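Q: For reference, the structure I am asking about is given below.
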Amino acid sequence: MQRKYDYRLIKSRRPYTLASLAKLLKVHPATIRGWIKTGGLSVAVVDNTRPVILNGAKVKSWMEARAKERKRPCGPDEMYCVRCKSPRQIVKGSFRAKSSNTQKVTVMGDCEECGLTLRSFNTAANLDDLAARYNPKYPKD
């Protein structure tokens, strides 16, 4: 299961044991051991004897790099597809806009790859710009 971990809780100038780091990040100690063995966290290991000691600054920088590497920013004419797990363009002519109140708008369209309905949330002030970006003719709901 992929998950976001709050690496901002890690203090850079503090050493951590395997158990204390696991408790801080709310994961099982076996997860930390897996990161050390296969994930590249072995650079943070200060002392490999028991208890395993990890350098806080190196753990924090490794987790920041890992989080940055996993990001998938969308382009100006793309929406994020949850099924494909990547930014995708919508099918031409499938652009729809639904206003939830006077200020907020839900922009929808179908994924070109899998057909899933993609959603993006924006403000009503940007609706004309969004419509020109995705589709010149759009139905208003």
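Q: Using 0.36 nm per residue of separation minus the Cα-Cα distance, give me the extension gain between Gln103 and Ser12 in nm, one decimal.
A: Result: 28.6 nm gained on full extension.
Q: Give me Rg/Rg_expected for the range 79-134, where Rg uses Cα atoms only and Rg_expected = 2.2 N^0.38 Å with N residues.
A: Working: Rg = 11.1 Å, N = 56, 2.2 N^0.38 = 10.2 Å.
Dividing the Cα radius of gyration by 2.2 N^0.38 Å gives 1.10.
Q: For the cross-link pairs Lys26/Lys60; Lys4/Lys71; Lys4/Lys58; Lys37/Lys85; Lys23/Lys58; Lys37/Lys60, which exceed 20 Å when the distance is taken from alpha carbon to alpha carbon?
A: Result: Lys37/Lys85 exceed 20 Å.
Q: Per 0.36 nm of contour for each residue apart, how much would the distance between Phe121 and Tyr5 grow if the chain were fully extended, relative to their Cα-Cα spacing?
A: Length gained, Phe121 through Tyr5: 39.3 nm.
Q: Name the shape class, rounded, prolate or oblate, that the alpha-carbon gyration tensor gives for the range 7-70, where a ≥ b ≥ c are the square roots of its eigenvalues, rounded holds for a/c under 1.5, and otherwise prolate holds if a/b is larger than b/c and oblate otherwise.
A: Details: a/c = 1.36, a/b = 1.24, b/c = 1.09.
Cα axes put the range 7-70 in the rounded bin.
Q: What's the angle, to the nearest 10 degrees (0 to 90), between helix 56-70's Cα axis and the longest principal axis of the chain?
A: 30 degrees
Q: Counting only helical runs of four or more DSSP H residues, what would the 222 nm mean residue ellipticity of the chain come to if each run contributes -39,500 (n - 2.57) and the total is spread over all its residues?
A: -7500 deg cm²/dmol
Quick note: the coordinates plus some simple rules give every number you see, no bench work behind them. None of these values were measured; they are calculated from a predicted model.
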